[in-house]
Amino acid sequence: MSDQLFRNDDRRREQRVQAKVEVRFTAVKDAARALNAFSINFSAGGLCLRTKTPRTLGERLQLGLTIDGQQFDLAGTVAWIKGDAIGVRFEEVGPKDRDRLERVARSLAKSAPAS
C-alpha cells in the first residue's frame, strides 16, 4: 500500500504527545465490525494509531477511548495513511469535549518521558 496524505490546510494545530491509549473503533460504513488498536500519539485534535486492517483515506470512523479514567466517544476522519499507521482527525467535537480533550492532552504531555 502506498503512503497517502489527505491534503488539508487545516492540518495539525495541536502538539501531539506520545501516548499508548487503547482505541476501539468502527468504520461508519461497517459499524457492526468493531476493531481495537493502540494509539502512537494523541492530541486534542486527533491521534495516530496502528491497525493491521486497511483503512481508506477520508474514511469516517467512530472511536471510543478511555484516557485518565475519562471516556470519549468521538467521530473522526482518516487524514493520512503511512504503512500500518493512520492519522485520525477528530470531527464534530463539542466545546465541552474539546475542553476535556485539551486537559487530557496537557496531562499526558506533563507525564510523558522527556525525549
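Computed from the coordinates by the stated procedures, all read-outs in this text should not be read as laboratory data. What you are looking at is a predicted structure, and each value in this text was computed from that prediction instead of being measured. Heads up, the Cβs are rebuilt from the backbone with ideal geometry, glycines too, and the neighbour counts pull from every protein chain shown.
Just one of the listed residues (ARG103, ARG55, ARG89) is part of a helix (DSSP H, G or I) and either touching a strand residue (DSSP E or B) at 6+ places or on another chain (Cβ under 9 Å) or of a type in the set (D, E, K, R) (or both), namely ARG103. Do any residues in region 39-51 that are on the phi < 0 side of the Ramachandran plot and without any contact (Cβ under 8 Å) to a residue 40 or more places away in the chain have Cβ atoms under 9 Å from those of residues that are small (Gly, Ala, Ser) and assigned to a loop (DSSP other than H, G, I, E, B), where the two are at least six apart or on different chains, and which pairs are they? Sorted first by the residue in region 39-51, then by its partner, the pairs are SER39/ALA19; ASN41/ALA19; ARG50/GLY83.
Taking every residue in region 23-34 that is within 14 Å of VAL88 (Cα to Cα) and pairing it with any residue that is in a strand (DSSP E or B) and hydroxyl-bearing (Ser, Thr, Tyr), at least 6 positions away or on another chain, the pairs with Cβ-Cβ distances below 8 Å are VAL23/SER39.
Selection of region 61-71 for residues being more than 11 Å from the chain's Cα centre (by Cα) and surrounded by 15 or more Cβ atoms within 10 Å (Cβ to Cβ) yields only ILE67.
For region 14-45, give me each residue that is under 11 Å from the mean Cα position of the chain (by Cα) and hydroxyl-bearing (Ser, Thr, Tyr). Passing the criteria: SER39, SER43.
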